[in-house]
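Okay, so here's the structure we're looking at.
The values are calculated or read from the model by the stated rules, or taken from the named source; none is laboratory data. Source: prediction; values computed, not measured. Every residue, glycine among them, receives a Cβ derived from its backbone with ideal geometry; neighbour counts consider all protein chains shown.
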Amino acid sequence: MAYCCVPGCVSYQRREDDKMLSFHRFPSDPKVRSVWIAKIKRDIGPHFQITDNTRVCSKHFTQDCIVLSLTGLRRLKQGSVPTVFTWSHEPKPRRTLKRNQGVCNAETLKEEEDVHFVPVQHTGEPSNTGFGVLQDHDYLETPPSVEDQLNAAQAEIARLTEENVKLRGQQFCLQRFQCDPKMIMFYTGFKDYETLNALYLSLQPTAQSLVRWSQMQRLSKTEQTLTSFHAQDICLFDQFFLFLCRMRQGLLSADLAVRFNLSKATVSRICITWANYLYFMLGTLPVWPSREAVDELMPPCFKNTFPKTRVVLDCTEIHIQTASSKVLNTVTYSHYKGTTTLKSLMGISPFGSVSFVSNLYTGSISDKEITKESGILKLLEPGDEVMADKGFLIRDLLADIDVSLVTPTFLGPSGQLSKEEIAHTQEIARLRIHVERAIRRIKEYHIFDGVLPLSLCGSVNQMWTVCALLTNFQGPLF
């Protein structure tokens, strides 16, 4: 904190909004420095020493003495001298009044009301003035004491500390919401902070050595091990939080840049980097349960009706931007949705967790073809049952690996279902609805609400898989 050394001036650097107030050091030129000392009416001695912290504020310079640098700093022109003081507003001429032959002119003293007697210092020479020299004085304000300055500094520190605490409480970061499960669920999709923190702690050892995705494409394998991704002014946990906000609420990069005080390019790099990182890390989790685990955790609703069920399958689609290429539009056009889409095969276990999520395929692919290409047939074992909608014409594919298909009954030539067929269809519909609920959980990541731009197609498969697997941290469906 800087203080002005001019007698009577109480200016000190205390508020950020004092943009017109600046403090200037004494010049290094001895001649100009002596002029400054004379102008401010100070004497070098035990009570006044010029150091690097001795300043004169800009109030004592005229406007033409101060110029702005290219960086916006207020600087003095070379050779400038302080000339504006409280005693310079009403200059008073000094007068001397001497006794004439030992008699003081009292009438003259009455006329000069502002004249005072000052004793003459003895220099060893005889003086013919008994009263000495009469001089006028400028009575200035007493400069603030050290104790007053200390109290003012402590009050300013307390004010700034309180302001800092208030601003940190308003900052958009994970710490702000850690005690509010509703906001944690709103922005991240996790039911509470403890669950989110547990996942982050398991990721932290490897996340600390993250390499930016654009660097992965440019650098060689040797260089990749030497370069890690660190976004400026944002910690690793808040990077994870930023990615979840992007997925969960579909916030635009420009919005997140403002919320986290980052650039749009940095936000984009964080999202792509974390999408690829989580795609790899979560993809290594054993989400496909064994036959023994399925039997152990199978709820009664499945155990009493279809106890051999291994997985419940269904397909879902997300909209993408229409491309300028007619060939690309042909393969991405979905007749079911009537627009260009990407399609994924989803599977849940009988106890409600997402056990299978395929890559995203073009919207024109059929349910049978996506089942063949997705790789789920390699995970099934002989004797398993697969529950699906009647649009899945995959019975022949499953028969080759000795797996049964459970679907609603087709309407026969009679045009009417029997009582047993109706009960069978209703029972399947009651159980198959859980895969719809699992898909709805994924669609609650609102980045998939609108039409995905083609610029995201390079990472949309990773984003979709990560969001699907993150729903398992919300707890069971039932």
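The figures follow:
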{"quantity": "Helices (runs of 4 or more DSSP H) lying entirely in the range 229-321 (those with 1 or more residues that are among the basic types (K, R) and in contact with a His (Cβ under 7 Å, 6 or more places away or on another chain))", "calculated": "236-249"}
{"quantity": "Total residues in the range 420-478, condition small (G, A, S) and exposed (fewer than 13 other Cβ atoms within 10 Å of the Cβ)", "calculated": "6"}
{"quantity": "Residues of the range 43-69 classified as assigned to a strand (DSSP E or B), more than 15 Å from V6 (Cβ to Cβ) and in contact with a Lys or Arg (Cβ under 8 Å, 6 or more places away or on another chain), total", "calculated": "3"}
{"quantity": "Among (1) in a helix (DSSP H, G or I); (2) under 51 Å from the mean Cα position of the chain (by Cα) - the single one H424 does not satisfy", "calculated": "(2)"}
{"quantity": "Positions within the range 421-436 being of a type in the set (A, V, I, L, M, F, W, C) and without any contact (Cβ under 8 Å) to a residue 24 or more places away in the chain, in sequence order", "calculated": "I422, A423, A429, I433"}
{"quantity": "Top-ranked residue in the range 321-356 [being touching a Leu at 6+ places or on another chain (Cβ under 8 Å) and more than 30 Å from A429 (Cβ to Cβ); ranked as modelled with the lowest pLDDT]", "calculated": "A323"}
{"quantity": "Subset tally (residues that are of a type outside the set (V, I, T), closer than 15 Å to T465 by Cβ and out of contact with any Phe, Trp or Tyr (no Cβ under 7 Å at 6 or more places or on another chain)) for the range 354-380", "calculated": "5"}
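Every residue, every condition in (1) part of a strand (DSSP E or B); (2) within 21 Å of D389 (Cβ to Cβ); (3) of a type in the set (S, T, N, Q), yes or no:
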| site | (1), (2), (3) |
| --- | --- |
| S324 | no, no, yes |
| T330 | no, no, yes |
| T340 | yes, no, yes |
| L345 | yes, yes, no |
